Amino acid sequence: MELQWACLLLEQVGERSLEHLPLVMSAFAAVDDLPQLAEQQTALRNLRSLPRLRKLRSRESVSVAVQQALRAEVSGEYELAYEINAGDLTFARRETHMATLAHRAEQLARPWPAETHGLTLAPANEELFVRFEDQGEVHLRIPANELPPPPAHHELCRERAPLRFTIDDLVATGTSMDVADAHAGRPDRDWAGTIRKLRLRVRGDAGFTDDRVLDLGGLRHLIGLPGAGKTTLVQVLCVYLARHDRRVAVFVPAIEVARQQLEVLERYLDPADVALLAGRGQDTHAEHADRVAQVVAAQDADLGGFGLTVAGVDRFARGCALRAYATTDEETTWQRWGPAQRPPCENVLRRVTSEGGRTRDVVHLCPLWSRCGRVHNHAQLVTARVWLGHVISSTASVPAHTSARRLSYAELLPDAVDLVIVDEADDAQASLDRQAMVKTPLFGKGGLHRANQLLSAVYLPAVHAPRATTRYMGAALELEGHVQGIVDLIRAPQSVELAGKLLTTRAFVDHLAGQADVTLTTEARNAFAQVWETAVHDMIFGRDTLPVDAPRLALQLGLGETELQRAKNNLREGLRRYRDQEDSDAALAPLRQGLAELLGVPDDGHTRWDHKLLVMVSLVVASFKKLRTLAVGVDLSFKHTYLPDDGARGLGHFAPTSLLGNFAALSYLKTDRIQIEQIILGRATRLLPERLARAGVNVLLTSATSYLPSSSSYHLHAPPDYLLLPQREGRDAKLTLRFTPREHTDGRAIRVSGAGGERDERLRLVIREMARRQNPVNPLGSQLERDLAHVAANLSPVGRPRKAALVVNSYDQVLVVLDALKVHNPNLHARAVGLTRARVPGRNDLVLRAEIEAAAQRDDLSVLVFPMGAIGRGVNMVLGGSGEEKDLAAIGVMYFLVRPHPTVGDTTLLHSLVNRATERFDQHRLGNVTLADARAQHRRERARLYRTIRELLERPQQASQLPGDALEAFTANLVVPVWQTIGRTIRGGADAEIHFVDAAWAGNSADGKVDRPRTSVLVGMQLLLDRDLRADDPAAREVSEALYGNLVQALRSVEGLRTDKAAFEDHASDFTPFTDDGEPGEEPWHDGEGNEEDWA
């Protein structure tokens, strides 16, 4: 019983209660580093390898586990070595088990062997088959003389030498690369010269100083400004390490960038030493192949990709070698085993018959794997010295062909490589954050409804389905019924009010209380949530009522204990009736009575719909949890997309529990069709680089925008160790910012952001005002054409006019802008292209991302339209050619047509705030304190985070309505993508002009008033960056000045932006958190056990 191991560990560190178990299992570094646990690191790793213990993240879940253990003991399944009190979770060892516990203690102190898969290659000359969900089977046979050699396994447990070298060491490598280029007749890249000129500054006690030594031991953070040679440094470093028999994994922003790096490195290394690390999923593989195909096709638009290729294209083969050996007829084989089917690399079946005549299917590995082009990447990774990929690719599972252990590439890295380089690490952190946020659609492709259909088609016809599978199927069908109940409720007119909001128990409490004009204390909210969620889980999981601290709960709810018990009974009875008797007033009556008693909200009959939605949302969330619980150990032929592990797929112990705990919510939108999602936040995956460093891997984080303390998405917690600065030659680029809103015919400024259903129409009005000619025959008759003429005359090299960029928020808005251009200025539209995800039939004014660099160099184009952030890092939009201007920015004037804003249903900001708070607690050194002290600190930090999230959920999704700390994070999170986008205009030292066109950028200035941080993100950006430039730490000041100095200077003098110094300083408190009373400071928190339960 896994719970007994937890008792044993806690006993060894002096504890006598399981109260601290959720904190111990959370994998927070701050907790692991406590002196009380210092000698238990091996035991901690062992316990965290137990799947059931990993799920015990709240006191409630521990109580459930205890009750299950006690019931199992009563039923005679086993005898517990510890006596555990189900009420207060205290435990004591039983004298009759002393010898057993002594032996188990010895086992706990030794590393446990890793889980192995036990799969073997399928044999030759035998009848084999593969099964494809509801498509049936395909049989095959492979001759023995056609089997390739078995694949090699990854080398593990590498010994690492220090990674310390000088710039001169890298210069020598660069010189050899220059020689190789000369011998091959390639253009001179001047690798040695670029490395020699690197201006490297190293952090010390008094700030940064110039140095020529790189020490990459442990976790290091290097900030490299544009043009400073960061990319060159990384590439030369890879060659240097590979030639010295070191292995390095490099994570870059996109698979296209990885392929480009592969093309470069293969010129100087054996091609077998450079491999791509890519995801193994069918959809991921197809997407990567399509994007590389776009790169091929973009080389020559007239050829459309025929007769062209690029280096590394062979790494994206999509065929499956095994299909060639099918013995089933060809038509059936292709019908069941088409290109869209996932290859059965680890699921080749062989049917064997036992002596008793019963048959069973044995699972094998594909014996052709080492010859298959589709998996060539993963086979090559075994021996390659340089791995290239995206950070999310590290979550992919290592093929069973190359490792006897079941693990992900992230878990393999500590045993396989000497150095991990995370390039554009701030973007990688944002990607890891998205990875941890599991959004499960209930309908559509990949949604729960479709998955349930597949489940029914595969397993319901089975006569002898395993008992675990039958239970799983029953739970899945029960969940399907609850989902259909939500759909019926959402069709009601009153559902509009809650559309787009995150629906949790606490959110419903506030909603019901608000409707009745009742004010609830924090304690009352938490107490109700505990009582309600206990009742729901009791019903879903079919368990007895958990023991709760009735006196405390009654006090927090303002009830007597008798009243509390009556209300609890009403809830349980109402939930049971509602489940069994469908939708009837009789079934809902006791439920509504219990809610009224607990919340003090009168049951006036007007909240019947709200009560029903609360019930259905709670049932769906709890049913999801039950389904995930039942999925453990169920052998399905396919995995449901709606049952990911907790958002930390493939990261194992590298992802600690979120400070918020398990957050589960439902959200719906009412558009042309009903959209429903379940959202789960469980772990903080952004800590992967830090965890790799703790596991012994050397990690180098590199970026140009990874330092911005106020940003919850892009700021890296690890302080910069190195600063790579460009060699200044001549003056800096001159950047001019202007706030230039367009006006309606009545003189009102046009506000696009936040306009709801009118957004697209207002965007068309903006284009009309910018592009429409006052005089149809005048080639300079529109403002946009006059701006282009100004750029050509004053900001461009002779004969190479630079372009205008129109920046929007989405691909749909790209089409809106292009269509409006065509209506109001056909001549300008003929010289414009927009960025698209995929080809649109009949449109010649769109280009793919792989074509945008070439579009920037075309002399027949004047206007580029793209969403902010869609082009991606590593894509350079320069004039090109062979002259001195080849590296000059192709864009000379840029217009931000729409200000980004929090959209309905968007949880990005919320998630980044949760992850930042989790990271801060994780990295905090608590000192010489006990587990009890750490738990108290954890609860305080969690309470503070809870207050922030509650304020965020309560307010409308508008920037001006965000709570202070959330507004600060939102503003800072905008700085990085805005500055990255603006940076495309000043590359090569070019001057540029930037226009903020949407009136939402500065609402007060658009109305002739003074703006402050809450009314203008431009003012907010200036305030935040000014503050960073005045930091007490000299190293922090130097980093901020290097990264944002040019932007700050421009923000201080934005033309058209109305600011007042006194008002600016007075409103710095816009970024201060507020309490319920509206005063700056921290909300008083009277903590109780209720805040420890899972969010739902």
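Things worth noting here:
Yes or no, residue by residue, for (1) under 25 Å from the mean Cα position of the chain (by Cα); (2) buried (at least 18 other Cβ atoms within 10 Å of the Cβ):
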| position | (1), (2) |
| --- | --- |
| Asn698 | yes, yes |
| Ser703 | yes, yes |
| Tyr707 | yes, yes |
| Ser713 | yes, yes |
| Leu716 | yes, yes |
| Leu725 | no, yes |
| Lys734 | no, no |
| Phe739 | no, yes |
| Arg742 | no, yes |
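- Hits in region 825-843 - residues which are of a type in the set (Gly, Ala, Ser) and part of a loop (DSSP other than H, G, I, E, B): Ala830, Ala838, Gly842
Quick grid of which residues meet (1) modelled with pLDDT under 95; (2) part of a loop (DSSP other than H, G, I, E, B); (3) of a type outside the set (A, V, I, L, M, F, W, C):
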{"site": "Leu1023", "(1), (2), (3)": "yes, no, no"}
{"site": "Asp1028", "(1), (2), (3)": "yes, no, yes"}
{"site": "Ala1031", "(1), (2), (3)": "yes, yes, no"}
{"site": "Gly1045", "(1), (2), (3)": "yes, no, yes"}
{"site": "Gln1049", "(1), (2), (3)": "yes, no, yes"}
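- Taken over region 509-527, the criterion of being out of contact with any Asp or Glu (no Cβ under 7 Å at 6 or more places or on another chain) and either crowded, with 19+ Cβ neighbours inside 10 Å or β-branched (Val, Ile, Thr) (or both) is satisfied by Val509, Val518, Thr519, Leu520, Thr521, Thr522, Glu523, Ala524, Arg525, Asn526, Ala527.
- Scanning region 929-949 for residues that are modelled with pLDDT of 90 or more and of a type in the set (Val, Ile, Thr) yields Val929, Thr930.
- Qualifying residue in region 50-66 (condition: over 32 Å from the mean Cα position of the chain (by Cα), touching a residue at least 24 places away in the same chain (Cβ under 8 Å), under 25 Å from Gly682 (Cβ atoms) and not in a helix (DSSP H, G or I)): no
- Which listed residue, of Val548, Val458, is in contact with an Asp or Glu (Cβ under 7 Å, 6 or more places away or on another chain) and at pLDDT below 80: Val458
- Selection of region 253-289 for residues being farther than 23 Å from Leu432 by Cα and of a type in the set (Asp, Glu) yields Glu263, Glu266, Asp270, Asp273.
- Qualifying positions in region 905-923 - among the hydrophobic types (A, V, I, L, M, F, W, C) and either under 18 Å from the mean Cα position of the chain (by Cα) or part of a loop (DSSP other than H, G, I, E, B) (or both): Leu909, Leu910, Leu913, Val914, Ala917
- Residues satisfying the stated conditions in region 832-877, i.e. among the charged types (D, E, K, R) and surrounded by fewer than 17 Cβ atoms within 10 Å (Cβ to Cβ): Arg837, Arg839, Arg843, Arg858, Asp859, Asp860
- Test result for Pro779, touching a residue at least 40 places away in the same chain (Cβ under 8 Å) and touching a Phe, Trp or Tyr at 6+ places or on another chain (Cβ under 7 Å): no
- Matching option when the condition is part of a helix (DSSP H, G or I) and either modelled with pLDDT under 95 or of a type in the set (Val, Ile, Thr) (or both), among Leu952, Leu926: Leu952
- Considering region 924-937, and only residues there that are in contact (Cβ under 8 Å) with a residue 24 or more places away in the chain and within 16 Å of Leu660 (Cα to Cα), the residue that is surrounded by the most Cβ atoms within 10 Å (Cβ to Cβ) turns out to be Ala934.
- Screening Ser782, Ser796 for residues that are polar (S, T, N, Q) and in contact with a strand residue (DSSP E or B) (Cβ under 8 Å, 6 or more places away or on another chain) leaves exactly one candidate, Ser796.
- Screening region 325-338 for residues that are closer than 15 Å to Arg141 by Cα and exposed (fewer than 12 other Cβ atoms within 10 Å of the Cβ) and picking the one that is modelled with the highest pLDDT gives Asp329.
- Qualifying strands (runs of 3 or more DSSP E) (wholly inside region 76-155; at least 1 residues being of a type in the set (Phe, Trp, Tyr) and touching a residue at least 24 places away in the same chain (Cβ under 8 Å)): 82-84, 91-93, 128-131
- Candidate set from region 339-379 (those that are surrounded by 12 or more Cβ atoms within 10 Å (Cβ to Cβ) and basic (Lys, Arg)); member that is modelled with the lowest pLDDT: Arg342
- In a residue-by-residue description of region 844-851, the property of being more than 33 Å from the chain's Cα centre (by Cα) and outside any strand (DSSP E or B) applies to at least one position.
- Test: residue in region 701-711 that is in contact with a Lys or Arg (Cβ under 8 Å, 6 or more places away or on another chain), in a helix (DSSP H, G or I) and in contact (Cβ under 8 Å) with a residue 12 or more places away in the chain: no
- Qualifying residues in region 172-195 (those that are without any contact (Cβ under 8 Å) to a residue 60 or more places away in the chain and under 19 Å from Leu216 (Cα atoms)) - the one surrounded by the most Cβ atoms within 10 Å (Cβ to Cβ): Ile195
- Scope region 70-99; condition under 18 Å from Glu60 (Cβ atoms) and touching a helix residue (DSSP H, G or I) at 6+ places or on another chain (Cβ under 6 Å); matching residues: Ile84, Ala86, Leu89, Phe91
- Scope region 161-171; condition more than 18 Å from Leu419 (Cα to Cα) and surrounded by 15 or more Cβ atoms within 10 Å (Cβ to Cβ); matching residues: Val171
- Residue within region 67-74 that is at pLDDT below 85, part of a helix (DSSP H, G or I) and basic (Lys, Arg) present: no
- Evaluation of Leu9 against the conditions (1) part of a loop (DSSP other than H, G, I, E, B); (2) under 24 Å from Asp933 (Cβ atoms) shows that the sole unmet condition is (1).
- Exclusive hit being closer than 12 Å to Arg315 by Cα, out of contact with any Pro (no Cβ under 7 Å at 6 or more places or on another chain) and hydrophobic (A, V, I, L, M, F, W, C), set Val234, Val292, Val296: Val292
- Region 412-444, residues that are more than 12 Å from the chain's Cα centre (by Cα), surrounded by 20 or more Cβ atoms within 10 Å (Cβ to Cβ) and at pLDDT below 90: Thr440, Leu442
- Exactly one residue out of Glu11, Glu39 is within 17 Å of Glu106 (Cα to Cα) and without any contact (Cβ under 8 Å) to a residue 40 or more places away in the chain: that is Glu39.
- If the condition is being outside any helix (DSSP H, G or I) and buried (at least 22 other Cβ atoms within 10 Å of the Cβ), then region 12-33 contributes Ser26, Ala27, Phe28.
The values are calculated or read from the model by the stated rules, or taken from the named source; none is laboratory data. Please read these numbers as outputs of a predicted model, since none were measured by experiment. In this analysis, Cβ positions are derived from the backbone assuming ideal geometry, glycine residues included, and neighbour counts consider all displayed protein chains.
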